[in-house]
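This report concerns only the one structure given below.
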Amino acid sequence: MRLLVVVATDKEADALGCTKAQVCVSGIGRTNAAAATTAALLEEGPFDGVISVGIAGALPGSMLRPGEIVVATECVYVEEGLRTPQGFQDTAAMGFPLGDFEGNRVPCEARLTRFVPGPRHDGVIATVATCSGTDALAAEVQARTGALAEAMEGAAVVHAARRLGIAGGEVRVISNSTGDRDRQQWDIARAFAAMHVLGERIETLARRSG
């Protein structure tokens, strides 16, 4: 299996430490992620799958701590939609579906992430344009999506791959809690250490496929 691994930053790429697997540094956010993923797939393929990898914030109720791994069952676009007095409507409810999937939920291909070592947490990962720096926003994201964690690129990476007929997935390592910014707990070093373990597993796949 030839995988394209998409990370947002050079620091995340360095933490993975991959030398054989194809790693694309997209820049942060959904627009960068979608554009870079599409370009890499078209210019550097063929690939059997695409995985968005990086750090993420744990949402309320997840009980996740820095260094723990979350594997996405689906990636959810949080902001795309309409706010009304009756609540939030996703784009499908507005009559403008985002794609060939349900609402704002981009499905992930489980076979791409079988290599991820345990212990791991499988569940929804939210893709946000605005990170949750208040308790109210973190609670809203979790309540509306059911997500364990939030990051800024996953849905766009998987969506871009899906439009080109390529399987996609997302794997995140918790680096911090969400909620009120001055009370967030961070441990980047622990998160990057866990990412290095992921990188070693990805390298094993790259050697086998090569």
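The values are calculated or read from the model by the stated rules, or taken from the named source; none is laboratory data. Please read all numbers here as calculations on a predicted model, not as lab measurements. Cβ: placed from backbone, ideal geometry, glycine included. Neighbour counts: every protein chain shown. Note: accessible area is taken over every heavy atom of the protein model, side chains too, but ligands, DNA and RNA are not part of it. Shrake-Rupley method; radii C 1.70, N 1.55, O 1.52, S 1.80 Å.
So, in region 68-111, how many residues would count as being farther than 21 Å from LEU137 by Cα and open to solvent by 20 Å² or more (accessible area, probe 1.4 Å)?
18
Need a quick list: strands (runs of 3 or more DSSP E) entirely within region 57-145 having at least 3 residues that are closer than 20 Å to GLY169 by Cα.
69-77, 105-107, 120-127
Go through region 119-137 and give me each residue that's within 11 Å of the chain's Cα centre (by Cα) and not small (Gly, Ala, Ser).
Selection gives VAL124, ILE125, THR127, VAL128.
Going by what's in this entry, would THR31 be described as under 27 Å from ARG144 (Cβ atoms), part of a helix (DSSP H, G or I) and β-branched (Val, Ile, Thr)?
yes
Would you point out which residue out of THR178, THR130, THR145, THR204 is surrounded by fewer than 20 Cβ atoms within 10 Å (Cβ to Cβ), at pLDDT 95 or above and not charged (D, E, K, R)?
THR130
Look through GLU68, GLU80, GLU74, GLU43 and report the one residue that is under 13 Å from the mean Cα position of the chain (by Cα) and of a type in the set (Asp, Glu).
GLU74
Looking only at residues that are outside any loop (DSSP other than H, G, I, E, B) and either within 18 Å of VAL197 (Cβ to Cβ) or basic (Lys, Arg) (or both) in region 1-15, which one is nearest to the chain's Cα centre (by Cα)?
Per the criteria, the residue is VAL7.
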